Amino acid sequence: MARRVGRISPFNITALALGMAFLYLPIVILVIYSFNASRLVTVWGGWSLRWYHEFFNDRAMLDAAWMSLRVAAVSATIATLLGTLAAVGLARGERFRGRTLFSGMLYAPLVMPEVISGLSLLLLFVALNAERGFWTVTIAHTTLTMCFVTVVVQSRLASLDRSLEEAAMDLGCDPVQAFIRVTVPLILPAIAAGWMLAFTLSLDDVVIASFTTGPGSATLPIRIYSEVRLGVKPEINAICTMVIALIAVLIVIASLASKLSGAEVKSAAPL
């Protein structure tokens, strides 16, 4: 009976294969064609690193990539800080007035169409007479990603054993010390996951960035979108492949950090 339960049926294997193909086959094709020697994206001309070389000689594309990485790193860091504080406020302030309104306003960007968010931010920056560029895109991406960080960290705080903090305070820590020395290390994997999520969302955004960017500060997705409208070039495949590789490396690092942290928590848990 146990063997039957653990055995994967042909139907499950077929469903799994179709699901994986639906998710990853387009990405595999893109990666393969990034090594295509031919200028035509639909004609295979042999293996080559030609388009990677073309990318590293394209100054406009490199500037756009550097802009995207800076915006993603700064906005993810700010969103992680603010989102973590908001999650702590929601998780620990069960009784404060306006909690429902605060949580609703905090999670609104999750369901808000990006066009509306981008347009409202554009009107705000115009009203403030703010010059559009790096900081306007960074602020816009912070507002977009902060709610995602809050969701991740709040879910971890909800499952946290509060008796650990109480034990730390019984041993002489004040509430701030107990939070920094006990709570923060335990929720660190969730904070890292929130930063990763915010970084990838910022790196991927086109809509909001197109409203809030200015001359000479185009991000990589905007640059790629403007190039694709004139026709798909093999160089775009090479750029997308490098972005996929970067995100894959970050996901592997986050997974390893989460596993190591979980192992440390288990080893430190009282018997």
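Given R0 = 25 Å, the distance between the Cβ atoms of A254 and V184 translates into a calculated FRET efficiency of 0.90.
Based solely on its DSSP helices, what 222 nm [θ] is calculated for the chain when runs of n ≥ 4 H residues each add -39,500 (n - 2.57) and the sum is averaged over all residues, nearest 500 deg cm²/dmol?
On the way: 13 runs with 206 residues, N = 271.
Taking each H run of at least 4 residues, the total per residue is -25000 deg cm²/dmol.
Over the chain, Cα pairs under 8 Å with separation of 6+ residues give a relative contact order of 30 percent. When the chain is treated as a Gaussian network with alpha carbon springs shorter than 10 Å, the biggest mean-square fluctuation among T100, T219, T138 belongs to T100.
Can you tell me the length gained on complete extension of the stretch L230 to F102, counting 0.36 nm per residue apart and subtracting the Cα distance?
Details: separation 128, 0.36 × 128 = 46.08 nm, distance 4.45 nm.
Gain on extension, L230 to F102, equals 41.6 nm.
In summary, the convex hull built on the alpha carbon positions of the chain has an orientation-averaged projected area of 21.6 nm².
Taking a ≥ b ≥ c as the square roots of the eigenvalues of the Cα gyration tensor, an a/c ratio of 1.5 or more together with a/b larger than b/c marks segment 30-108 as prolate. Computed over the chain with a Gaussian network model linking Cα atoms closer than 10 Å, the most mobile of M20, M61, M105 is M20. According to the Kirkwood relation over distinct C-alpha pairs, the hydrodynamic radius of segment 90-192 is 16.3 Å.
Could you tell me whether segment 21-67 comes out rounded, prolate or oblate from its Cα gyration tensor? Rule is a ≥ b ≥ c as square roots of the eigenvalues, rounded for a/c under 1.5, then prolate if a/b exceeds b/c, otherwise oblate.
Taking the square roots of the gyration eigenvalues as a ≥ b ≥ c, segment 21-67 is oblate.
Within the chain, which DSSP H helices have Cα atoms that stretch 15 Å or more along the helix axis and a mean Kyte-Doolittle hydropathy of at least 1.6? Provide the component values of the computation, followed by the final result.
Values: long enough: 10-33 (32 Å, 2.00); 59-92 (49 Å, 1.16); 99-111 (19 Å, 0.98); 114-127 (19 Å, 2.21); 134-158 (35 Å, 1.18); 184-204 (29 Å, 1.65); 234-268 (51 Å, 1.48).
Membrane-span-like by this rule: 10-33, 114-127, 184-204.
In a DSSP loop and with at most 16 other Cβ atoms within 10 Å, the GluC sites (Glu not before Pro) in segment 124-186 are E131.
Report the chymotrypsin sites (Phe, Trp or Tyr not before Pro) located in segment 127-164 that are in a DSSP loop and have at most 13 other Cβ atoms inside 10 Å of their Cβ, or state none. Intermediate values should be presented prior to the final figure.
Working: sites: F134, W135, F148; in loops: none.
When the chymotrypsin sites (Phe, Trp or Tyr not before Pro) of segment 127-164 are filtered for loop state and at most 13 Cβ neighbours within 10 Å, nothing remains.
DSSP loop (so not H, G, I, E, B), at most 14 other Cβ within 10 Å: list which trypsin sites (Lys or Arg not before Pro) in segment 22-71 pass both filters. Mind showing how you got there, number by number?
Working: sites: R39, R50, R59, R70; in loops: R39.
Within segment 22-71, the qualifying trypsin sites (Lys or Arg not before Pro) (loop, at most 14 other Cβ atoms within 10 Å) are R39.
Atom-type composition of the exposed protein surface of the chain places 70 percent of the accessible area on carbon and sulfur (1.4 angstrom probe).
Do you know the relative contact order of segment 45-154, to the nearest whole percent, from alpha carbon pairs under 8 angstrom that are 6+ apart?
Working: 62 pairs, mean separation 50.4, N = 110.
The value is 46 percent.
Note on C173 and V207: their simple-model spin labels are 4.2 nm apart, each label 7 Å out from Cα toward Cβ.
Whole-Å semi-axes of segment 148-209's equivalent ellipsoid, largest first, each the root of 5 times a Cα gyration tensor eigenvalue?
Numbers: eigenvalues 203, 20, 12 Å².
That gives 32, 10, 8 Å for the three semi-axes.
The values are calculated or read from the model by the stated rules, or taken from the named source; none is laboratory data. In this text the structure is predicted, and so the values were computed from the model without any measurement. FYI the Cβ positions are ideal-geometry reconstructions off the backbone, even for glycines, and counts take in every protein chain you see. Calculation scope for accessible area: heavy atoms of the full protein, side chains included, ligands and nucleic acids excluded. Shrake-Rupley method; radii C 1.70, N 1.55, O 1.52, S 1.80 Å.
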